[in-house]
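Heads up: the structure comes next, in structure tokens.
The values are calculated or read from the model by the stated rules, or taken from the named source; none is laboratory data. Bear in mind the structure is a predicted one, so any value in this text is a computation, not a measurement. Here the Cβ positions follow ideal geometry from the backbone for every residue, glycine too, while neighbour counts run over all protein chains shown. For accessibility, only protein heavy atoms count, side chains too; no ligands or nucleic acids. Shrake-Rupley method; radii C 1.70, N 1.55, O 1.52, S 1.80 Å.
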Amino acid sequence: MATRGTRSEKVRRIFNQFDANRDGGLNREEMASLVGAVNPRVKFSDEQISAILDEVFRTYGEFIDGDKGLTYEGLLRTYDDGAGDVDRDFDALGLDLVADAVKEPLAASEASSSSIVDERMAVETQKKQRTAAWAVSPNHGIVFDETWKIVDDLELLVKRLKTKQSKEGGKLKNDNFDAYSDAGWSRELGPSSEITEKRVFWEESGHDYAVFLKELGGLRGRADGARSREEAFDGHMAIGRVLYEHQLFKESLVSFKRACELQPVDVRPHFRAGNCLYVLGRYKEAKEEFLLALESAEAGGNQWAYLLPQIYVNLGIALEGEGMVLSACEYYREAAILCPTHFRALKLLGSALFGVGEYRAAVKALEEAIFMKPDYADAHCDLASALHAMGEDERAIEVFQKAIDLKPGHVDALYNLGGLYMDLGRFQRASEMYTRVLGVWPNHWRAQLNKAVSLLGAGETEEAKRALKEALKMTNRVELHDAISHLKQLQKKKTKASNGGVPGEASFVIVEPSKFKVVGDRTTGRQELATALQIRALQRVTRLSRCSVELLKKEMSERDVSVSYSGSGVPEKSIRKPNLEEILRRLLSFLKPETFQGAVKAINERILSVLDENGSGRLDLGMFYAILAPICGGPPDRRKRVAFDALLWRPMNEDGANIRKVDATLYIKLLRAVYLPSQAVSELMEVRGESDTSMVSFSEFLVMFDDPDWGFGIMPTLAKLETGDRNRHGNSVCSVCRYPVIGSRFKEIKSHFSVCNQCYSEGKVPSSFKQEEYRFKEYGSEGEAMKDKCTCFNLQSRNEQ
């Protein structure tokens, strides 16, 4: 990747190319020519060009020089803020950096010979070229001469440390590192197709590093001993920037924190401290620093307007680091509104929307980002994923392929395209994608496992075995042991089939529900189990079964929510989605950020989409708590009580003991709409017109809740799954899918085959057992099965006597 200095030179060449009248500025006509020339494949209308220019001239007003237009520094700033890609634009214009570099020294030598003053200027220019280009920028540059001396000395210290650590057994380690988005570089954190550097890991425990820190302390002392607070601030900011450039993030943070103490209301030190904290993985602290930067920027008027989009972007990224994707979306939107040409903000917004399951909005944002930057591989990858989620698989394949064409080693695109091929049953192509992933990332155990599964689907059992063994070398997760056991069972079945089985016969048949009969009161019906398994799957993804229902009760009693009025004039305690996400973070505080993101996505898709039917972004918090309570942890009776208390907590139920019948009815029907969606739409339509003013007590509410046909009578079955769906049944395997039986085992009484709860719920039986009807008995554990077997044996013995 080009250095920041090379980047400035390229911008200078682009500027000179379009400064037709050589007045040192780009007027609207010259800027229009530039926009059209760097986007040759895009046909802008006059209105679009005008809108773009209006936005540029408004956003970068401080860089507009009267009628001359946008200055060189202004154009550089637009690129720094992510409004364009310097390398792409430079190549699109067919400019030549080398040819120009030959001419510039001649011009410099002519200028330096003209006077003593010019000679001194040349010396200053050479000195400034020894450090990064940020030092001479109008907004972030070095102000005081003494600071230049500190920077020069610091560069020497870092160089000395780097040399010593490189010599001493290669202590200086490199790894792939995706650079971070900040105002100087305008880079986003996360997989990036265009901005990737080598991450440097310094050896911090040795003697050399200790000496470096001591000498660095001396430089900081010099900065603190400056003649004024402004000069001390300048010194610490410069030290922080140099250390950040060399990826000495911990030490850089110390300098930026000291600068914050010196000038608490200055945006820059807070912003840069936030960047350091993020790179160090301290996301919560990074968020707090960005919020301080935002507060200072908003209070500072137009002075910091150019930095606001980047603060919003980085604040969103920090929130994503904490798992707060709904909140991140808000800040990405703000960045895109302030700077409509900020393609990275649009890409991040699209990716975040995809992450919470809002696929149509994600597609729109990602398409806008690609419109502005057609070679944005990451945006193509996420767009393809969103299209696949919407069922547009053929288009998704094309877009994935485009991402791979732009960046052949794009791991996410290759891996996700493999998953898409798997979903379509194109197992050979899926295997090829996973092989390419492993070529880039050899220790990607999920790719290795999926490669094995795809090979199995393609009928290449031996190759699948080898792939599974390779995956086992990478990780010891239980999924791999189950997969290996599954392979062994398939091999046994294959052997039996070759010794007398019917060739070409399917391994199972799906039986209609009327032919499934249950034996005993404790055996769950097929349809009832299917519904409970779906709810249990939601519990697993959201981890809400690990969240005690008492925490919901605590939230209601300890957190005050203001009352607002809906469009119909009904008072309610409503809340915006990002604020609701904060409540969920407290309830699910035990989750890692990436797991919490998955939980929020599932809750948004299954629950919030029903409660926010008009798309306003606001939700009735009491109703949300009541909907959540039945799938939280705790005794079923207590969950029902908390659900009732949540309805009492709503402002329209003010007598403290009973709730309105219409609210109870609406709740039950919303509950069914969320967890039993196939029966929900017509029921919800029915309740809207009800005006019953009667009240319902808790005991009456329980009758409504437990109704098996019109309530949530599935609760006992769900509770049984919660306590027993991890039970293993020794060496028993499902006769249909051949996986070890986990959870309940359903044994067919006549033919004595057993199926797992998933195959039972789907009506699958082995094709070798064809009967008029199937009678199943459920065993929650192997102990129950043994007890039943002994009971049957005793009965048989008595009958024989």
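State all residues of segment 64-76 that are within 16 Å of ASN16 (Cα to Cα) and either in a helix (DSSP H, G or I) or touching a residue at least 60 places away in the same chain (Cβ under 8 Å) (or both); if no residue qualifies, say none.
LYS68, TYR72, GLU73, GLY74, LEU75, LEU76
The conditions are (1) crowded, with 23+ Cβ neighbours inside 10 Å; (2) under 32 Å from the mean Cα position of the chain (by Cα); (3) in a helix (DSSP H, G or I), and ILE239 fails exactly one of them. Which is it?
Just one mismatch for ILE239, condition (2).
Any residue at all in segment 756-764 that is hydrophobic (A, V, I, L, M, F, W, C), free of Cβ contacts under 8 Å to residues at least 24 places away in the same chain, within 22 Å of GLN527 (Cα to Cα) and outside the structural domain of LEU456 (by the TED database)?
yes
Any idea how many residues of segment 580-603 are crowded, with 18+ Cβ neighbours inside 10 Å and among the charged types (D, E, K, R)?
Of the residues in segment 580-603, 3 are crowded, with 18+ Cβ neighbours inside 10 Å and among the charged types (D, E, K, R).
Restricted to segment 433-447, and to residues that are within 23 Å of the chain's Cα centre (by Cα) and open to solvent by less than 80 Å² (accessible area, probe 1.4 Å), which residue is farthest from ASN476 (Cα to Cα)?
Across segment 433-447, the extreme among qualifying residues is MET433.
Do the conditions hold for ASP81, that is, is it buried (at least 21 other Cβ atoms within 10 Å of the Cβ), modelled with pLDDT under 85, within 20 Å of PHE371 (Cβ to Cβ) and out of contact with any strand residue (DSSP E or B) (no Cβ under 7 Å at 6 or more places or on another chain)?
Here the answer is yes, as ASP81 does meet what is asked.
Where residues in segment 607-623 are open to solvent by 20 Å² or more (accessible area, probe 1.4 Å) and among the acidic types (Asp, Glu), which of them is farthest from TYR675 (Cα to Cα)?
This residue is ASP620.
Does segment 7-32 hold any residues that are in contact with a Ser or Thr (Cβ under 9 Å, 6 or more places away or on another chain) and free of Cβ contacts under 8 Å to residues at least 40 places away in the same chain, and which are they?
Hits for segment 7-32 are PHE18, ALA20, ALA32.
Please give the number of the condition ASP118 fails out of (1) at pLDDT 70 or above; (2) in a helix (DSSP H, G or I).
Checking ASP118 against (1) at pLDDT 70 or above; (2) in a helix (DSSP H, G or I), the one that fails is (1).
In segment 399-419, how many are part of a helix (DSSP H, G or I) and out of contact with any helix residue (DSSP H, G or I) (no Cβ under 8 Å at 6 or more places or on another chain)?
1
Please work out if ALA664 is surrounded by 22 or more Cβ atoms within 10 Å (Cβ to Cβ), modelled with pLDDT of 95 or more and assigned to a helix (DSSP H, G or I).
So ALA664 does not fit the description; no.
Scan the helices (runs of 4 or more DSSP H) fully inside segment 550-648 and keep the ones with 1 or more residues being touching an Asp or Glu at 6+ places or on another chain (Cβ under 6 Å).
Hits in segment 550-648: 577-587, 593-603.
Of (1) within 28 Å of ALA92 (Cβ to Cβ); (2) open to solvent by less than 10 Å² (accessible area, probe 1.4 Å); (3) within 13 Å of the chain's Cα centre (by Cα), SER351 satisfies all except one. Which?
(2)
Pick from SER562, SER548: which is open to solvent by 20 Å² or more (accessible area, probe 1.4 Å), small (Gly, Ala, Ser) and modelled with pLDDT of 90 or more?
Going through SER562, SER548 in turn, the sole match is SER548.
Could you check segment 649-661 and list, in sequence order, the residues that are in contact (Cβ under 8 Å) with a residue 24 or more places away in the chain and either outside any loop (DSSP other than H, G, I, E, B) or not basic (Lys, Arg) (or both)?
TRP649, PRO651, MET652, ASP655, ALA657, ASN658, ILE659, ARG660, LYS661
What are the residues in segment 273-304 that are modelled with pLDDT under 95, open to solvent by 10 Å² or more (accessible area, probe 1.4 Å) and closer than 17 Å to MET237 by Cβ, if any?
Hits for segment 273-304 are SER296, GLY300, GLN303, TRP304.
Which residues, taken from segment 30-67, are charged (D, E, K, R) and either under 34 Å from the mean Cα position of the chain (by Cα) or surrounded by 13 or more Cβ atoms within 10 Å (Cβ to Cβ) (or both)?
GLU30, ARG41, LYS43, ASP54, GLU55, ARG58, GLU62, ASP65
Within segment 624-639, track down each residue that is closer than 16 Å to PHE698 by Cβ and either open to solvent by 20 Å² or more (accessible area, probe 1.4 Å) or free of Cβ contacts under 8 Å to residues at least 40 places away in the same chain (or both).
PRO635, PRO636, ASP637, ARG638
Please specify each residue of segment 27-63 satisfying the condition of being outside any helix (DSSP H, G or I) and touching a helix residue (DSSP H, G or I) at 6+ places or on another chain (Cβ under 6 Å).
Residue satisfying the conditions is TYR60 alone.
Can you tell me how many residues in segment 394-411 are touching a residue at least 60 places away in the same chain (Cβ under 8 Å) and over 21 Å from HIS444 (Cα atoms)?
The number of residues fulfilling the criteria is 1.
Might you check whether a residue that is hydroxyl-bearing (Ser, Thr, Tyr), touching a Cys at 6+ places or on another chain (Cβ under 7 Å) and either more than 13 Å from ARG650 (Cα to Cα) or not assigned by the TED database to the domain that holds PHE644 (or both) occurs anywhere in segment 548-566?
Looking through segment 548-566, at least one residue is hydroxyl-bearing (Ser, Thr, Tyr), touching a Cys at 6+ places or on another chain (Cβ under 7 Å) and either more than 13 Å from ARG650 (Cα to Cα) or not assigned by the TED database to the domain that holds PHE644 (or both).
Taking segment 252-272 as the region of interest, how many residues are surrounded by fewer than 23 Cβ atoms within 10 Å (Cβ to Cβ) and of a type in the set (A, V, I, L, M)?
Qualifying residue count, segment 252-272: 3.
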